[in-house]
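See structure below.
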Amino acid sequence: METQKQYNILKSKAYLYLTEFFSGMAIMAVELGASRLLAPYFSSSQIVWTIIIATIMIAMAAGNVYGGRSADKRPDPDILYRRLLIAAVWIAAIPLLGKYMILLISGALIITISHNLLVIAAFAACMIIFVFPCFLLGTVTPSLVKYTVGSLEESGTTVGMLGAFNTIGSIIGTFLPTFVTIPAVGTAITFLIFSGILLILALIYFISCRRRKLACIVCSIAFCICAVFGNASHFAFWESDLTYEGESIYNYLQVRETDQQVILSTNVLFGVQSLLEKQDQLTGMYYDYAMAAPVMAAANQPLQDKEPLKVLVLGMGSGTYDHQCRAYFDNLDIEGVEIDEKITDLAHEYFQLPRDAKVTTYDGRAYLMATDQKYDVIMVDAYQDITIPFQMSSKEFFSETREHLTENGVMVVNMNLRSDAEDGINAWLSDTIASVYPYVQTVDVKNNTNRILFASMQRLEQASYRQALEEIATADPVKRARLRAFLGQIPGQLTAYEGQGHILTDDRAPVEVLSMRAIDQVIAEELAAYKEMYREEGLQGVLEDVL
């Protein structure tokens, strides 16, 4: 009688097809959730995506093999649904414990390896956090084939139906997290939603069969604990004074406020993306250096008729460059392009970006291709840590910027991860730009890893530059003096750049591999002191210094 009850829910095979459908959905949701969990720590680059896809495919392949062998030896549906219970609880625990695991793994690797830290740490995190539940979900399809195929005559149809249900579930599991759950409720609740679905599948099966009551109760309690405490946790869990923390379709977003600044970060480990100086001070960052671009454009064509210089910012962020230019110049017409609408909303709310500021939610390159407008200055500020959009780093893109500049216009590019390597990311970017523009000059940002590049069709004359600085600087005497003191030194700090032939194209732009090398070097330099401290004082000494 008990055996009969055990299989009642499976008699029509409909429940098995539902199991396949929701398992496929959960796999894709976990994969997309993995990218969002890792991005604040390791970036969302193609390299990280490759690691995620590879590890999950390894887990699925191993699960397929194991699930098939297990089903042949013991074709008991109880075993499959027990695995779903375990997978559900494990996935639910990821928002609660995953962030701590990532930092523990990274901390352990910091003191043991010297190169490729981000790649190895991301791979190790994926293996430890995501492989096991994906392995369990990988056992679903071969197990269901065993339970659903009644004869060889119908095997093709049955396997085809299972494949279709899995694929449709995977499609829905791809779209729902990206466009619905992650933007609406965040990564943590997304994990909980799809793990909850798996839990419900297993619970319905065992309740209908009146079996495994204790296991169901324990797993349900564990899920509830994860739901309560995992949802309350944050990516930057060590921060207690964040003004805002949230997610958009594209980014993890964090706003922090001090007495002097408001700061936007899109990564908990890689510093500042945008900021606001509350007292309209110079930022001390690359935005200040980039303000030389409007002066250069004015120097190439003195403003006799006082027509505003047209400035386009590709990668508007929270509007730092816009704010600085408006604060220190009197005669600019600025518009921006920002692909992440949520960042623009935060800019209005926290960074004093005027509501009437011209900001278009679009990809920077696509925007250039869609407009006929010409600009005196184009600021390219779309590069974040190692996440450099390849389509905005190629010769074709920079040719597009040249087409949208006036005859005397200037393109200014913020390049992160300063490196003097002849085959480094900045060398490739600079060479590519130099293949399009005849005049290219660079300046390194003091006390920072950024490098600013200026490119134009006209040679810059220092006398004209100084005259233009007087013409377009704000009338405010304090700000005017501050601007003179800083920007007046820029021409003497510029270094003319001669291209060496490393050209990035739409077809070949290995920007992420090059950027990974650069950030690996930066990390190695930053951690050298801690490694030496660890050798001399041990882990206790490092912890005392950090804490």
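The values are calculated or read from the model by the stated rules, or taken from the named source; none is laboratory data. This one's a predicted model, so the numbers in the text were calculated from it and none came from an experiment. Cβ coordinates were reconstructed from backbone atoms using ideal geometry, including for glycine residues, and neighbour counts include every protein chain displayed.
Might you check whether a residue that is without any contact (Cβ under 8 Å) to a residue 60 or more places away in the chain and either under 17 Å from A293 (Cβ atoms) or among the polar types (S, T, N, Q) (or both) occurs anywhere in the range 376-397?
For the range 376-397, residues without any contact (Cβ under 8 Å) to a residue 60 or more places away in the chain and either under 17 Å from A293 (Cβ atoms) or among the polar types (S, T, N, Q) (or both): absent.
Looking only at the range 379-398, filter to residues that are touching a Gly at 6+ places or on another chain (Cβ under 9 Å) and modelled with pLDDT of 90 or more; which one of those is surrounded by the fewest Cβ atoms within 10 Å (Cβ to Cβ)? Show your work before the answer.
Going residue by residue through the range 379-398, those that are touching a Gly at 6+ places or on another chain (Cβ under 9 Å) are 379-385, 389, 391-392, 397.
Retained after the next criterion (residues that are modelled with pLDDT of 90 or more): 379-381, 392, 397.
Working: M379: 27, V380: 26, D381: 24, M392: 22, F397: 26.
Among residues in the range 379-398 that are touching a Gly at 6+ places or on another chain (Cβ under 9 Å) and modelled with pLDDT of 90 or more, the one surrounded by the fewest Cβ atoms within 10 Å (Cβ to Cβ) is M392.
Might you check whether a residue that is surrounded by fewer than 17 Cβ atoms within 10 Å (Cβ to Cβ), in the same structural domain as V30 (by TED's automatic domain parsing) and either hydroxyl-bearing (S, T, Y) or touching a Cys at 6+ places or on another chain (Cβ under 7 Å) (or both) occurs anywhere in the range 210-218?
No.
Considering (1) out of contact with any strand residue (DSSP E or B) (no Cβ under 8 Å at 6 or more places or on another chain); (2) among the aliphatic types (A, V, I, L, M); (3) within 18 Å of P510 (Cα to Cα), say which one L429 fails and leave the rest.
Among (1) out of contact with any strand residue (DSSP E or B) (no Cβ under 8 Å at 6 or more places or on another chain); (2) among the aliphatic types (A, V, I, L, M); (3) within 18 Å of P510 (Cα to Cα), the lone unmet condition for L429 is (1).
Considering only the range 251-270, state which residues are surrounded by fewer than 17 Cβ atoms within 10 Å (Cβ to Cβ), out of contact with any Phe, Trp or Tyr (no Cβ under 8 Å at 6 or more places or on another chain) and either in contact (Cβ under 8 Å) with a residue 12 or more places away in the chain or assigned to a strand (DSSP E or B) (or both).
D259, Q260, Q261
Restricting to the range 399-422, name every residue that is under 25 Å from the mean Cα position of the chain (by Cα) and surrounded by fewer than 23 Cβ atoms within 10 Å (Cβ to Cβ).
Passing the criteria: N414, R418, S419.
Within the range 318-329, is there a residue that is in a strand (DSSP E or B) and either in contact (Cβ under 8 Å) with a residue 60 or more places away in the chain or crowded, with 22+ Cβ neighbours inside 10 Å (or both)?
Initial filter on the range 318-329 (in a strand (DSSP E or B)): 329.
Subset that is either in contact (Cβ under 8 Å) with a residue 60 or more places away in the chain or crowded, with 22+ Cβ neighbours inside 10 Å (or both): 329.
Looking through the range 318-329, at least one residue is in a strand (DSSP E or B) and either in contact (Cβ under 8 Å) with a residue 60 or more places away in the chain or crowded, with 22+ Cβ neighbours inside 10 Å (or both).
Identify all residues within the range 361-378 that are over 24 Å from S435 (Cβ atoms) and either under 20 Å from the mean Cα position of the chain (by Cα) or surrounded by 18 or more Cβ atoms within 10 Å (Cβ to Cβ) (or both); write none if there are none.
Passing the criteria: T361, Y362.
Does L514 satisfy being assigned to a helix (DSSP H, G or I), surrounded by 12 or more Cβ atoms within 10 Å (Cβ to Cβ) and modelled with pLDDT of 85 or more? Break it down into steps so the answer makes sense when it comes.
Working: assigned to a helix (DSSP H, G or I): yes; surrounded by 12 or more Cβ atoms within 10 Å (Cβ to Cβ): yes; modelled with pLDDT of 85 or more: no.
No.
Would you mind finding the one in I182, I102 that is assigned by TED's automatic domain parsing to the domain that holds A54, more than 30 Å from Y15 (Cβ to Cβ), crowded, with 20+ Cβ neighbours inside 10 Å and modelled with pLDDT of 85 or more?
Values: I182 fails: more than 30 Å from Y15 (Cβ to Cβ).
Matching residue, one of I182, I102: I102.
Collect the residues in the range 374-396 that are touching a Leu at 6+ places or on another chain (Cβ under 8 Å) and not β-branched (V, I, T), keeping them in residue-number order.
Listed by number, the residues that qualify are K374, Y375, D376, M379, D381, A382, D385, F390, M392, S393, S394, K395.
Is at least one residue of the range 302-310 of a type outside the set (F, W, Y), under 27 Å from E400 (Cα atoms), modelled with pLDDT of 90 or more and assigned by TED's automatic domain parsing to the domain that holds A382?
For the range 302-310, residues of a type outside the set (F, W, Y), under 27 Å from E400 (Cα atoms), modelled with pLDDT of 90 or more and assigned by TED's automatic domain parsing to the domain that holds A382: present.
Per-residue answers, yes or no, for (1) acidic (D, E); (2) surrounded by fewer than 17 Cβ atoms within 10 Å (Cβ to Cβ); (3) touching a residue at least 24 places away in the same chain (Cβ under 8 Å); (4) closer than 21 Å to G230 by Cα:
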| position | (1), (2), (3), (4) |
| --- | --- |
| I113 | no, yes, no, no |
| L117 | no, no, yes, no |
| V131 | no, no, yes, yes |
| T178 | no, no, yes, yes |
| G186 | no, no, yes, yes |
| T190 | no, no, yes, yes |
| L198 | no, no, yes, yes |
| I204 | no, yes, yes, no |
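Output the number of residues of the range 251-276 satisfying the condition of being closer than 17 Å to G33 by Cα and at pLDDT 85 or above.
1
Could you check how many residues of the range 84-98 are surrounded by fewer than 24 Cβ atoms within 10 Å (Cβ to Cβ) and either closer than 12 Å to A215 by Cα or among the basic types (K, R) (or both)?
2
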